[in-house]
Amino acid sequence: MPRTDNFQKFVKQKKAGTVKEEVRQQKKKEKKEKAAAIEAHFERKRAERAQRQPLTSSGIGKTARPNKYPKSEAEQPVARTGKPNKYPKKITAETDVKSSTGRVSTEQMPLNKYIAHGGLCSRRDAAQLVKDGKVTVNGTVVTEPGTKISENDVVKVGAKKVTPSNNLVYILLNKPKDFITTSEDPQGRKTVLDLVRTATDERVYPVGRLDRNTSGVLLLTNDGELAQKLSHPSHEVKKVYEVKLDRALTKSDMDTIASGITLEDGFVAPDVIAYADAKDKSVIGVEIHSGRNRIVRRMFEHLKYDVKGLDRVMFAGLTKKDVQRGRWRFLKDKEIRLLKFMNQSFVKAKD
């Protein structure tokens, strides 16, 4: 059944699963911080002990006994912060290493991931490019997306050389009308990249699409892995839209949409639908996770309504709060973490 509560409450509401995930991540963070504090305390104690080690308990004359069976240099464990690692992690040529700055090693990286980190497209689209025979490695066409690539390999998509980015960038844009959601436009129309051109030197691209006449929250990034996750249907990423119709939506039509309707490409039903303003029933709030093309417009057009305005007010938990139309901001670290862990337990349960 449709809901009739105020749209502001509708927008702000969070699903129980999302809240639970945030709490879980916060507890995990606090646990790590506590462990780090304890480790730092013992590091200081060990350092103090090491300074006193050459002396006996009386403090006179004797030095520490040398190790009778010293280990060779190759057998020495790897040190992290001064503490020898008893069980060092073995790093092979195929390990994908990320530092705390977000930099990614490209040693032995799968080809589709290599292309995605080059900022050309998502990993999913990159895999399709490879399968279509449009990618060469060292001058040879490769059709297997999982082919391992090293930093010394020359990868080209068509005639364009791919250079992976080491700096991951996440930008939230409040898209205005009359800008198309694409990297380039042969017709010379304005694109969303024109709005964020001064944000970074990295090549970023939009996650998903918004129609030319649709405004609102749009994420741009060069993180191909995250872009693929947010675009994949299995993660059921939530979007909330404010829809302005040419006339008031009747209760019977709202019930019809809430129950689901069958369009030319299949059945669709919103997760939630509500009047955004109790005094103006031509303004509707819709929450939906389907990523099909122009799906919100088509739902209302199917019932003979003309959509005068469509604004995405939320995408994957991100809102345009404090971001004016046509402006952008970088995502905060907390927002990035939530995006990367979003719906993770749900997807695992389905698998």
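The values are calculated or read from the model by the stated rules, or taken from the named source; none is laboratory data. Since the model is a prediction, treat every value here as computed from it, not as a measurement. Neighbour counts run over all protein chains shown; Cβ positions are idealised from the backbone, glycine included.
Determine whether residue 276 is at pLDDT below 95, in contact with a Gly (Cβ under 6 Å, 6 or more places away or on another chain) and in the same structural domain as residue 191 (by TED's automatic domain parsing). The answer is yes for residue 276.
Quick grid of which residues meet (1) touching a strand residue (DSSP E or B) at 6+ places or on another chain (Cβ under 9 Å); (2) surrounded by 20 or more Cβ atoms within 10 Å (Cβ to Cβ):
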{"residue": "114", "(1), (2)": "yes, yes"}
{"residue": "134", "(1), (2)": "yes, no"}
{"residue": "144", "(1), (2)": "no, no"}
{"residue": "150", "(1), (2)": "yes, no"}
{"residue": "156", "(1), (2)": "yes, no"}
{"residue": "163", "(1), (2)": "yes, no"}
{"residue": "170", "(1), (2)": "yes, yes"}
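If you check 234, 252 for being over 19 Å from residue 124 (Cα atoms), in a helix (DSSP H, G or I) and either assigned by TED's automatic domain parsing to the domain that holds residue 307 or of a type outside the set (Asp, Glu) (or both), only one passes: 252.
Go through the residues of region 120-143 one by one and say whether even a single one is outside any loop (DSSP other than H, G, I, E, B) and modelled with pLDDT under 75. I'd like the intermediate steps shown before the answer.
Going through region 120-143, the residues outside any loop (DSSP other than H, G, I, E, B) turn out to be 123-131, 135-137, 140-141.
Then drop every residue that is not modelled with pLDDT under 75, which leaves none.
There is no residue in region 120-143 that is outside any loop (DSSP other than H, G, I, E, B) and modelled with pLDDT under 75.
Every test in (1) under 30 Å from residue 311 (Cα atoms); (2) in contact with a Pro (Cβ under 8 Å, 6 or more places away or on another chain) is passed by residue 186 save one, and that test is (2).
Which residue, of 311, 277, 333, 322, is within 18 Å of residue 217 (Cβ to Cβ) and surrounded by fewer than 18 Cβ atoms within 10 Å (Cβ to Cβ)? Let's see the steps before the verdict.
Working: 311 fails: surrounded by fewer than 18 Cβ atoms within 10 Å (Cβ to Cβ); 277 fails: within 18 Å of residue 217 (Cβ to Cβ); 333 fails: within 18 Å of residue 217 (Cβ to Cβ).
After ruling out the rest, the residue left standing is 322.
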